[in-house]
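To start, the structure itself, in structure tokens.
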Amino acid sequence: MPEPTAQPKLPERTGTDRRAEPAETRRARKPSQWARWSGIAGRDALIILGTVAAIVFSIRHVNPIFSGQPSVAASITKALPIAKAAFPNATPKDTSQLAQLIASPQFEKDRKAFAADLVATGRMNQTRADSIAYYAVRESYRNGIPPAVVFGVLLTENSRFISGAMSNVGAVGLMQVYPKVWLKALSKKFGSDLASDSTNLKYGIFILKQYVKSDSGAVTSSDATKGLLRYNGCVHGTNTPNCKTYPSKVTKYVEQAGNAICGDKSFVDCIAKPFVAGLLGKRDTPAANTQ
């Protein structure tokens, strides 16, 4: 039997396995899960970084057409000084009587004094006192009522200065305004939120003025007393117990707590004389009666 022929020895394969290299007809080895998520995170980070860079560049180098720009008139007068003749006041000023009163040194003096006396009661801080004083004195000037009278009425009606206070008969706020009587008549003029200090003061001081009006045109101390009684609802003396003492209570609060408002002035000089002068339009700076 013939012996089998020996097979020639094939040379050993050198280099890498060609199956490890990708080709058109051969799939590459799948990347690991960690590498895949790292790639996605890196891509997203680059997108975010690019977006932020674009926003920063836009804010610093691009000027919006309208945002933060002055009015047309102001822009023209700045670019072309000759245009000032056509636009003398790019920002018009309020020249009404009330604006003149508020800008006067006496207004600031009365406002500070009113606020100081409010703080001295120990029942409010300076910030709230400044706010109440501003509206109280402004409306006093508008209606020709001495600020000291408003101060006295405030303490008599609501000595703790609780904005949302409501009496057992339904009166509301700092000056205890009756919604049933006044809200419908004055809401279009002053708003309807009687728990707001500013709104309540507008109502209260306006109402006080209506009650103190005199048919003869001359306001006397008797007229002022009657006006305060009417404000308290003390027309016939039957609605409120001891309501006849209301004017004296107002006077007492002014004399005891209105040190900054009246200073060294007597009650007559602090309240009676300004009352008459204010209502008759005889202030040094005429009282404004327009809204």
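Looking at this model, which pairs from 112/209; 112/180; 188/226; 209/249 are more than 26 angstrom apart at the alpha-carbon?
112/180; 188/226, as the Cα separations exceed 26 Å there.
Rounded to the nearest 0.05, what FRET efficiency do residue 188 and residue 264 have when you use their Cβ-Cβ distance and R0 = 35 Å?
Details: r = 43 Å, r/R0 = 1.22.
Calculated transfer efficiency: 0.25.
Once amide H atoms are built 1.01 Å from N in the peptide plane, which residues 5 or more positions from residue 177, or in another chain, come under 5 Å H to H?
172
Test of understanding: what is the full-extension gain from residue 127 to residue 230, defined as 0.36 nm times their sequence separation minus their Cα-Cα distance? Could the numbers behind the result be given before it?
Details: separation 103, 0.36 × 103 = 37.08 nm, distance 3.21 nm.
33.9 nm is the gain from fully extending residue 127 to residue 230.
What whole-number value in cubic angstrom gives the convex hull volume per residue for the C-alpha atoms of region 97-279?
Hull volume over Cα atoms, normalised by residue count, gives 119 Å³.
Laboratory data are not the source of any read-out in this text; all were calculated from the coordinates shown. As the structure is a prediction and not an experimental result, all values here were calculated from the model. Note that each Cβ is placed from the backbone with ideal geometry, even for glycine, and that neighbours are counted across all protein chains shown.
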